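In what follows, a single structure is set out as structure tokens and then discussed.
The values are calculated or read from the model by the stated rules, or taken from the named source; none is laboratory data. What you see is a predicted model, and the numbers here were worked out from it, not measured in a lab. As a convention, Cβ positions derive from the backbone with ideal geometry for all residues, glycine included, and neighbour counts pool all protein chains shown.
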Amino acid sequence: MGITDKQRHQLKKFIKELEQYQGRHTELVSVYVPAGYEMSKVINHLSQEQGTATNIKSTSTRKNVIDALERMIQHLRLFKQTPPNGLVAFSGNVAEREGQSDVQVWSLEPPIPVNTRMYRCDKEFVLDIIRDMCEIKETYGLVVMDRRDARIALLRGKSIIPLLKTHSEVPGKFKAGGQSALRFERQREGAAKDHYKKIGDYMKETFMDMKDLKGILVGGPGPTKYEFIDGNFITADVKKKIIGIRDLSYTDEFGLQELVDKSQDILANEAIADEKKIMEKFFHLLATNSGMVSYGIAHVRKNLEIGAVDTLLVSEELDDKTLDELEATADKLGTEVKMISTETREGVQLRDIGKVAAILRYEVKE
């Protein structure tokens, strides 16, 4: 499961704050506690690391590491148990001048489960794992096939997850002795159709009711993929989910990777398409029924506070303070918040009309 726009924004803010700190030596502490892992084991490990740190030769580095670990241990003791998705925590001396002490600690219950257990002492905080959480994690179906083989997989974020492979009974190109060419060709065509039907059935079983599926990408060498897609092998509801067809050189694991590599334009455009869709709805309502929308901080805030806002549209260029205020109100009233980039014409228009807009639950006369 992915994360919401709001969670993504909060995570990016958290990362941005921590990125600004650099240790003079390897003295900034990063701890990742996986979901379901006992907090007491982490605390015991950090206590052992404190003992090891007494061997550090540099007096200032030794003090900074021991102090950071002590602050981290005290902080982790506040948790009676590990939060459901695990915990990420960071501590270190962030004083601007050498020789001064300002040991701070930060922690975050991540929006999706942490699977990594980590303790690291470095010149900077280890943030790659939570950076990865900010990435869009929508699911896409992948199908690579030719007359002989087919593989079905999922693409989640950057991960390709193979689901199944199937092999056809289509004979090779050379017929057995004494067999007529016509009969042999009929046999090949029949076996190919059986193969296509099997792939179509697998696609229906796999993708038909998949909730987070954004679309299906199909690829393969030569014309086979078009015979398959244009023939009567895939149910109409599944066929509607196909968003791209690509020419490939392979139908194995390399084929799956090749399909993803050759579909980057489609995958990027899909995220933008969602933004365009909601913004187009806003501008359509603005033109046809302006009482169902509002824009600009003052008007949107007023409608938000009376519970009239169904969807809050926020430009990524809105300042954090205002965004936090609006999000807090939206949370209380069950209003959906959509972060809008400036990568589309509509996103630029939102920025230019005040960076905030709203689609309302009911008509409001301004």
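Things worth noting here:
- Criterion (touching a Gly at 6+ places or on another chain (Cβ under 9 Å) and either at pLDDT 95 or above or outside the structural domain of T311 (by TED's automatic domain parsing) (or both)) met by exactly one of I234, I199: I234
- Search result, residues across segment 34-52 that are part of a helix (DSSP H, G or I) and either touching a Lys or Arg at 6+ places or on another chain (Cβ under 6 Å) or among the charged types (D, E, K, R) (or both): K41, E49
- Of the candidates K6, K57, K16, the single residue that is without any contact (Cβ under 8 Å) to a residue 24 or more places away in the chain and under 21 Å from the mean Cα position of the chain (by Cα) is K16.
- Selection over segment 122-150 of residues that are touching a Leu at 6+ places or on another chain (Cβ under 7 Å) and farther than 21 Å from G255 by Cα gives a count of 8.
- Of the residues V114, V31, the single one that is under 17 Å from F14 (Cβ atoms), part of a loop (DSSP other than H, G, I, E, B) and touching a strand residue (DSSP E or B) at 6+ places or on another chain (Cβ under 6 Å) is V114.
- Residues of segment 209-248 satisfying the condition of being farther than 13 Å from V143 by Cα, surrounded by 16 or more Cβ atoms within 10 Å (Cβ to Cβ) and in contact (Cβ under 8 Å) with a residue 60 or more places away in the chain: L213, K214
- Within segment 53-62, the only residue that satisfies the criterion of being surrounded by 17 or more Cβ atoms within 10 Å (Cβ to Cβ) and part of a loop (DSSP other than H, G, I, E, B) is I56.
- Any hit, segment 264-280, residues being farther than 22 Å from V348 by Cα, among the polar types (S, T, N, Q) and in a loop (DSSP other than H, G, I, E, B): no
- Counted residues, segment 15-28 - those being loosely packed, with under 15 Cβ neighbours inside 10 Å and either hydrophobic (A, V, I, L, M, F, W, C) or assigned to a helix (DSSP H, G or I) (or both): 3
- Selection status of C134, over 19 Å from I160 (Cβ atoms) and out of contact with any strand residue (DSSP E or B) (no Cβ under 9 Å at 6 or more places or on another chain): yes
- When E305 is tested against (1) more than 22 Å from L323 (Cβ to Cβ); (2) among the acidic types (D, E); (3) free of Cβ contacts under 8 Å to residues at least 40 places away in the same chain, exactly one condition is not met: (1).
- Among the residues making up segment 262-284, those that are free of Cβ contacts under 8 Å to residues at least 40 places away in the same chain and among the hydrophobic types (A, V, I, L, M, F, W, C) are A268, A273.
- In segment 207-216, the condition of being at pLDDT 80 or above, closer than 21 Å to S263 by Cβ and assigned to a helix (DSSP H, G or I) is met by at least one residue.
- Here V65 passes the criteria (1) in a helix (DSSP H, G or I); (2) of a type in the set (V, I, T); (3) surrounded by fewer than 18 Cβ atoms within 10 Å (Cβ to Cβ) except the one numbered (3).
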